[in-house]
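Below is one structure; the comments refer to it alone.
The values are calculated or read from the model by the stated rules, or taken from the named source; none is laboratory data. A quick note: this is a predicted structure, and the numbers were derived from the prediction, not measured. Cβ: placed from backbone, ideal geometry, glycine included. Neighbour counts: every protein chain shown. To get the accessible areas, we keep the full protein, side chains included, count just its heavy atoms, and leave off ligands, DNA and RNA. Shrake-Rupley method; radii C 1.70, N 1.55, O 1.52, S 1.80 Å.
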Amino acid sequence: MSTTLAMPTAARRRRLVERLTAWYAEHARDLPWRRTSDPYAIWISESMLQQTRVEAVIDYWTRFLERFPTIQDLAEANEDDVLTQWSGLGYYRRARSLHAAAQAIVRDHGGRMPSEDAALRALPGIGPYTVGAIRSIAFEEPAALVDGNVERVFARLFDLDLEAAALKRHSWELAEALVPDNSPGAWNQALMELGATVCTPRSPRCDDCPVARSCASRKAGTVAERPRPKVKQPPIEVALELALATDGDRILLVQRPEDGRMAGMWELPTREIENDAGSLSGLFPAEFAGPLELDEVLANLRHSITKHRIRAVLRQATGAPKRPDLGRWVAPGELEELPLTGMTRKVLGKLGP
Ligand code: SF4
């Protein structure tokens, strides 16, 4: 078992960079944000790609940039509009942070994305990974980055038998030691691309790997044990009742509170009921926002929000919130304009036009 934390020699670093960037030049997937050098467009892609699959991001990224082509456009947009464009991607705090950061860039940097480390870090929602991505990919600055793909590649390439926090720490040290002055953006993207397409979590394709010859865990026969498997937390079960109250062709929707998860998004009236374990997650209100009478079951649904596994029963309902600020009747044509939660979008999609 190797726990060596020595840095690779200069010669090895050079070989790795040469092989991996040459491979990337030939094998990189053709993704729309790789065809631009606009720091704003790259920033949006990096923000969307955190926690979301590439295939899912392509359409969102394209639509978002059509709606908000520049930092100024995003800064001047109202928040509901930004959330509507983000609706379905999840992790809505990212959208709010993008919006706030665009306003800060207009206010403090004349609307131009800064390239300095400290200026980027000062922006809302921009962490070390995004700083590294923007600086290296958009500005060709030799800035390191580490994401889950990079950690996995390093754990295998250097046979690192480390628990999660130590692996993250050491991965940053390695990334900083390895990032080249020439084409740092290509190097960083090559590392992530290797993790996404070849050195995948399960069944890595070592026979197709451009750095297989210098892979320590392949030599040691420990690929399947790197990185160390995380201790899995069981999902949190959530049981919900959703109410479909209609007035002609209009549907009753309620707005979530301005703080907490999915803040300010619109959803069908929802109440959490005790799940099989007799507990509530607190993710949803325990009562409807007004008197609603529930009737027949229209559908049973399953949905996931991060660690939460949701079982929901959709029921026909009559009634309306007492206070108009708690809900509103929404016509079909207005639905596209409202930031809906992913679950409500899914339910309404299933019900059809
Ligand atoms: S040889 Fe296999 S384990 Fe090693 S970096 Fe390449 S794909 Fe990953």
- [ ] May I ask you to list pairs of residues, at least six apart or on different chains, whose Cβ atoms are under 6 Å apart, with the first in the stretch 102-126 being outside the structural domain of GLU176 (by TED's automatic domain parsing) and the second being open to solvent by 10 Å² or more (accessible area, probe 1.4 Å)?
- [x] none
TODO: For LYS307, indicate whether it is within 30 Å of LYS232 (Cβ to Cβ), open to solvent by 70 Å² or more (accessible area, probe 1.4 Å) and free of Cβ contacts under 8 Å to residues at least 60 places away in the same chain.
DONE: no
Task: Filtered residues of the stretch 33-67 (kept if farther than 18 Å from ASN188 by Cβ and in contact (Cβ under 8 Å) with a residue 24 or more places away in the chain) - done: TYR40, GLN51, THR52, ALA56, ILE58, TYR60, TRP61, THR62, LEU65
TODO: Inspect all residues belonging to the stretch 283-290 and state whether any of them is free of Cβ contacts under 8 Å to residues at least 60 places away in the same chain, surrounded by 15 or more Cβ atoms within 10 Å (Cβ to Cβ) and not in a loop (DSSP other than H, G, I, E, B).
DONE: no
Task: Some residue of the stretch 221-230 being in a helix (DSSP H, G or I), of a type in the set (Val, Ile, Thr), open to solvent by 20 Å² or more (accessible area, probe 1.4 Å) and near the ligand (Cβ under 8 Å from one of its atoms) - done: yes
- [ ] Collect the residues in the stretch 43-96 that are modelled with pLDDT of 95 or more, part of a helix (DSSP H, G or I), open to solvent by 20 Å² or more (accessible area, probe 1.4 Å) and not acidic (Asp, Glu), keeping them in residue-number order.
- [x] ILE58, TYR60, TRP61, THR62, ARG63, LEU65, ARG67, GLN72
- [ ] Kindly list, by first and then second residue, each pair from a residue in the stretch 230-251 that is under 21 Å from MET343 (Cα atoms) and of a type in the set (D, E, K, R) to a residue that is open to solvent by less than 20 Å² (accessible area, probe 1.4 Å) and part of a loop (DSSP other than H, G, I, E, B), limited to pairs with Cβ atoms under 8 Å and residues at least 6 apart or on different chains.
- [x] GLU237/ASN275
Open item on the list: Among the listed residues ALA177, ALA186, identify the single one that is in a helix (DSSP H, G or I), in contact with a Lys or Arg (Cβ under 8 Å, 6 or more places away or on another chain), away from the ligand (no atom under 16 Å from the Cβ) and under 19 Å from ARG19 (Cα atoms).
Closed with: ALA177
- [ ] Can you tell me which residue among ASP207, ASP259 is among the acidic types (Asp, Glu), exposed (fewer than 14 other Cβ atoms within 10 Å of the Cβ) and not in a helix (DSSP H, G or I)?
- [x] ASP259
Task: Matching option when the condition is in contact with a strand residue (DSSP E or B) (Cβ under 7 Å, 6 or more places away or on another chain), open to solvent by less than 70 Å² (accessible area, probe 1.4 Å) and not in a loop (DSSP other than H, G, I, E, B), among GLU193, GLU237, GLU272 - done: GLU272
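Report yes if some residue within the stretch 128-138 is assigned to a helix (DSSP H, G or I) and within 16 Å of the ligand (Cβ to nearest atom); otherwise report no. Full working, then the answer.
Going residue by residue through the stretch 128-138, those that are assigned to a helix (DSSP H, G or I) are 128-138.
After this cut, where a residue has to be within 16 Å of the ligand (Cβ to nearest atom) as well, the list is none.
Within the stretch 128-138, not a single residue is assigned to a helix (DSSP H, G or I) and within 16 Å of the ligand (Cβ to nearest atom).
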Task: Pairs where the first residue, in the stretch 193-213, is farther than 14 Å from VAL150 by Cβ and touching a residue at least 60 places away in the same chain (Cβ under 8 Å) and the second is more than 8 Å from the ligand (Cβ to nearest atom) and among the hydroxyl-bearing types (Ser, Thr, Tyr), C-beta under 9 Å, 6+ apart - done: PRO210/TYR24
